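Everything below concerns the one structure shown next.
The values are calculated or read from the model by the stated rules, or taken from the named source; none is laboratory data. None of these values were measured; they are calculated from a predicted model. Don't worry about glycine lacking a Cβ; one is built from the backbone with ideal geometry, like all the others, and counts go over all protein chains shown.
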Amino acid sequence: MKTAVLVAIGDELLSGIRREGNCASLAWLLHDAGWKVLRVEVVPDDVPSIADTLGRWVGKAELLVFSGGLGPTHDDKTRYAVAEYLKCGLTVNDALYDRVVSRFEGTSLKEVVERSRPVQGLLPAETQGVYNPAGSALGIHFEKLGTRVWCFPGVPFEFEAMVQQEVAPFLFREKGGRVWKSAAVVGVPESLAVTQVPEVVTDERLHVSVLPSFGLVEFVIRGEAPRVESALRTVRERFAGSVLPEGCATLPEAILATGREKGLTLSCAESCTGGLLGAALTGVPGSSAVFAGSAVTYSNKAKKRVLDVESALLDRHGAVSGECAESMARGALRHYGTSLALAVTGIAGPDGGTEEKPVGTVWFATASWTGSEMESSSFARRLTGGRDLVRERAVRIALTAVWRRMCEL
């Protein structure tokens, strides 16, 4: 398997001021192409650290990609570190930078971009410049001791554009017979999931990653195409009824795919999740074909006015109850005119809990039509963790419940 090392440059990453995402996205692309990422490193904005990283990995990995340190400011050191490593001078690549400037012809930014030429067009003499289609800083490319090195700006959309322009064609031109595919299983703990498919997870001819998250386990299987297909069939057969549809890695994707397949529509009524359900569903392109909308009814007054939850019900059972959750779901079903509705109401904390209903108590409900009759059901979970974690877990449980209900309809 071909190997790669990814390096993010920036004091802001080491201090936590910014989160690194460029290397993570490129690692996925490499994984897709059948490469093995040996390391993902973060180094500070100084010439010795960057040059040392080059010295450690050139000749040991086939691909080395740097993110960051190519801007116009005093702390952008990558070009100088590469020049030091290669023991060469620096020169402005006017021809390549002219291409950059030409994109800004007739705009107020042209003068700004032109002023940056002495720095952002500056490249180590023993390297090739890389055109930046999304920004103004040129990238750097060279090969040494069997290692292909690319250095790109760290601005995420610039990094992504240059990866697609330069790295992606290189990765996929000789992809060969190796492929990867995945299957996501809901409602099965990781420890139990791996025992259900021992012949898959122990097959040395495959590279199998088991990626758990709350309520979901994803099997990512990489290897020769026929063997991967066979392993994937095994996973789907063993977890029939709990495995998401083919091509779906997340519950929102599965809900939308199942809804489209069955001609179902969905609406939501949210209290403690405050719109997170709607956000999760609309994060998938094309969601409007299935998802109609979500009513965020945080207060009791909103539940009554928007969803027609009766005052007597709230007085008798409270907002955090199965009765309230079902009434919310029924209200959303009527209000949006959908095939199916989902509701969530609970106590996310840190305050608001009681002995009878402690923090973390969340009720879930679904409502749907059986002919001309409306039917609903509800269940509760006691979730642990802080406020954000309770809300995040509530979203996952709710999405699981509505997907399972969709499969039944």
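Values for this structure:
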quantity: Filter result for L277 (closer than 20 Å to L333 by Cβ and without any contact (Cβ under 8 Å) to a residue 60 or more places away in the chain); calculated: no
quantity: Total residues in region 222-236, condition over 30 Å from T384 (Cβ atoms) and either at pLDDT 90 or above or under 18 Å from the mean Cα position of the chain (by Cα) (or both); calculated: 10
quantity: Subset of region 330-359 (residues that are surrounded by 23 or more Cβ atoms within 10 Å (Cβ to Cβ), among the small types (G, A, S) and either part of a loop (DSSP other than H, G, I, E, B) or under 31 Å from the mean Cα position of the chain (by Cα) (or both)); calculated: A332, A341, A343, G346, A348
quantity: Helices (runs of 4 or more DSSP H) contained entirely in region 100-188, each with at least 1 residues that are small (G, A, S) and touching a Leu at 6+ places or on another chain (Cβ under 8 Å); calculated: 168-172
quantity: Residues of region 32-48 that turn out to be part of a helix (DSSP H, G or I) and crowded, with 17+ Cβ neighbours inside 10 Å, as a count; calculated: 1
quantity: Criterion (farther than 21 Å from T400 by Cβ, of a type outside the set (F, W, Y), out of contact with any helix residue (DSSP H, G or I) (no Cβ under 9 Å at 6 or more places or on another chain) and at pLDDT 95 or above) met by exactly one of G278, G263; calculated: G263
quantity: Region 306-329, residues that are of a type in the set (S, T, N, Q) and either part of a loop (DSSP other than H, G, I, E, B) or out of contact with any helix residue (DSSP H, G or I) (no Cβ under 7 Å at 6 or more places or on another chain) (or both); calculated: S321
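Residue by residue, here is whether (1) crowded, with 20+ Cβ neighbours inside 10 Å; (2) closer than 28 Å to V402 by Cβ; (3) in contact (Cβ under 8 Å) with a residue 12 or more places away in the chain holds:
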| position | (1), (2), (3) |
| --- | --- |
| E166 | no, no, yes |
| A193 | yes, yes, yes |
| D203 | no, no, yes |
| A231 | yes, no, yes |
| R238 | no, yes, yes |
